[in-house]
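Colleague: What follows is a structure written as structure tokens; I'll ask about it next.
Read the figures in this text as sums done on the coordinates, not as results from a lab. Every value quoted in this text rests on a predicted model; they were computed, and no experiment measured them. Heads up, the Cβs are rebuilt from the backbone with ideal geometry, glycines too, and the neighbour counts pull from every protein chain shown.
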Amino acid sequence: MPTKREQAGWHSTTILAVRRNGLTALGGDGQVTLDKILIKQGARKVRRIYKDQVLTGFAGATADAFALLDHFEAKLEENGGNLQRASVELAKLWRTDRMLRRLEAMMVVADASKILLLSGTGDVIEPDDDVIGIGSGGAYAQAAALALHRHSDLDAEAIVRESLAISGQICIYSNTHLTVETVSAP
């Protein structure tokens, strides 16, 4: 059954995270679309938080994503920057809080050692290959990133940029106006 956002004609974005050789890169496109209308080309859907050590990217309803981001930042603070623990605590809250349960967004969070996908169904998923994509163009970007990760010497940032560029050429709900942030192991 389509969500209210899908029924309204809203389409998501493309967010991609890659970790390789001690460098984690998280990027997203800038397009915001309402049905067949391009509303904005330069939205920023990727953020640095918690002393610039944690990267976040979101797909879905913007207000919902920002509400989740606020809660996630609070959980990071409560858990001393522990990404895994903060993610699990947010997922538990997301599933049990009446208001949060209705939020229509997904998040990818990452630090120098871990990438996690967080969803409203209570999922906290760490990808097997240190590559994860979400949003309308997420599968395209993830497929490109997996190929580059396995068959090139590119670093994580270059893989994210190239994969998002490929996705932006395929997915009509994504573009090539990119925001990419990186964090590396000390």
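Colleague: Please give the length that would be gained between SER152 and ALA67 if that part of the chain were fully extended, namely 0.36 nm times their separation in residues minus their C-alpha to C-alpha distance (nm, one decimal).
Modeller: 26.8 nm
Colleague: Let me have the 222 nm mean residue ellipticity of the chain computed from DSSP H runs of 4+ only, each contributing -39500 (n - 2.57), with the sum over all residues rounded to the nearest 500.
Modeller: -11500 deg cm²/dmol
Colleague: Right, here's the next one. Quick check: convex hull over the Cα atoms of the range 100-186, volume per residue in Å³, rounded to an integer?
Modeller: 112
Colleague: Restricting attention to the alpha-carbon atoms of the chain, what are Rg (one decimal) and Dmax (integer), both in Å?
Modeller: 15.4, 46
Colleague: If you don't mind, there's one more thing I want to ask. Ignoring the sites themselves, what is the longest stretch of the chain with no trypsin sites (Lys or Arg not before Pro) in a DSSP loop and at most 13 other beta-carbon atoms within 10 Å?
Modeller: The reported range is 103-186.
Colleague: Going by amide H atoms built from the backbone, whose H comes under 5 Å of the H on SER12, apart from near neighbours?
Modeller: SER136
Colleague: What dipole magnitude, in Debye to the nearest 20, does the range 4-179 give about its Cα centre under +1 on Lys/Arg Cβ and -1 on Asp/Glu Cβ?
Modeller: Using Cβ point charges on Lys, Arg, Asp and Glu, the range 4-179 gives about 440 debye.
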